[in-house]
Amino acid sequence: MELRHFEVTDGQAGPYGITVGPDGAVWYTLVHAGDIGRLAEDGTVTRYGLGAPDSGPTVITTGPDGALWFTRMRDHRIGRITVDGEVTDYPLPTADCGPYGIAAGPDGALWFTELNTHRIGRITLDGEVTEYPLPGSGSFPSMIAAGPDGALWFTLNQAGAIGRITVTGEVTLHPLPTEAAGPVGLAAGGDGALWFAEIAAGRIGRVTVDGKVTEYPLPDRAARPHAIAAAPDGRLWFTEWAAGRIGSLSPEGQYSAHALDIPGAEPHGIAVGPDGTVWAALEVGVITRLSTR
């Protein structure tokens, strides 16, 4: 394993969310500065302003149109940026909704969570928005991912559950065995299940498409696992926010850890490229690359 750090900002801007773009570069959100960053394969850093320093760009993903789409949590919009840096944004119909997680759906649209208003949203490539209310209240829907069953899956941080929504808006909830687990990160694994991080319980969880949940306690229960991503070989990689580590878990539950050796690193977002390279966004202003080859 080879670990390399890229300093991309002064540590006051972020970064927070991260993804590997269709152009082979790493794209990330600078949540405190209202910018989007790009780290090229040769190490060149480019920064794109959104014209709204307080917009709070948070989670970023590649859309079906080859552009990058991201949530603007603080000014309640969905953003889009092309690989050439052209920026568009779309206001959401519900005031103060707090969009957070975002993922491309199987229907050619982007799906996102609304932290503050207990809804799941859908936005088409031309900006048409539909919102679906969830059962109950105050569940704090967080991350969202496309599942292997043609539905979207999401974490309910305050409800201690994993949710599923079909592309027609039908919702099912799966409560977690551990009370107040605080699920956040979520990713589709290579084993046909969804994997998630329980930030409050120090566990990694797995849920099958029929709702069966398995939980794997981490050795450091205070590590506060945050984001999770699946590698091509089936291994799950996640950030341990409070511990300053990148952790990984085999599909069979075997754990390994990689210390970042940066004081106060605060790793948040994580992504895995097609070649298995792991990328993490550290809030101290660093993008970390973990080469597994």
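The values are calculated or read from the model by the stated rules, or taken from the named source; none is laboratory data. The shown structure was predicted, so the numbers you read here are calculated from the model rather than taken from an experiment. We place every Cβ from the backbone using ideal geometry, glycine too, and count neighbours over all the protein chains shown. Surface areas here come from the heavy atoms of the whole protein model, side chains and all, with no ligands, DNA or RNA. Shrake-Rupley method; radii C 1.70, N 1.55, O 1.52, S 1.80 Å.
Quick notes on this one:
- Cβ-derived FRET efficiency at R0 30 Å, residue 46 paired with residue 233, nearest 0.05: 0.45
- When you filter the GluC sites (Glu not before Pro) in the stretch 40-143 for DSSP loop state and at most 11 other Cβ atoms inside 10 Å of their Cβ, you are left with 41, 86, 128.
- For the stretch 28-164, alpha-carbon Rg relative to the globular expectation (2.2 N^0.38 Å, N residues): 1.02
- At R0 = 25 Å, FRET efficiency that the Cβ-Cβ distance of residue 54 and residue 7 yields, to 0.05: 0.55
- Relative contact order, percent, the stretch 174-293 [alpha-carbon distance under 8 Å, six or more residues apart]: 16 percent
- Note on the stretch 6-163: with neighbouring protein chains present and a 1.4 Å probe, carbon and sulfur make up 44 percent of its accessible heavy-atom surface.
- Gain in span if fully extended, residue 96 to residue 170, counting 0.36 nm per residue against the direct Cα distance: 24.2 nm
- Using equal-weight Cα scatterers in the Debye expression, the normalised intensity of the stretch 107-265 in log10 at q = 0.10, 0.15 Å⁻¹ is -0.35, -0.76.
- Mean-position separation - Cα centroids, the stretch 99-174 and the stretch 17-88, in angstrom: 21 Å
- Summed over the residues of the chain and divided among them, the accessible surface reaches 38 Å² per residue at a probe radius of 1.4 Å.
- Percent accessible area from carbon and sulfur atoms, the stretch 172-244, protein chains only, probe 1.4 Å: 51 percent
- Rounded if a/c under 1.5, otherwise prolate or oblate - the stretch 114-176, Cα gyration tensor axes: oblate
- Identified option (computed Rg and Dmax of the Cα atoms in Å; candidates (1) 17.3, 48; (2) 18.2, 53; (3) 18.5, 61): (1)
- Approximating the spin labels as points 7 Å out from Cα along Cα→Cβ, the residue 124-to-residue 254 distance works out to 4.9 nm.
- Kirkwood Rh, Cα atoms: Rg over Rh of the stretch 45-104: 0.94
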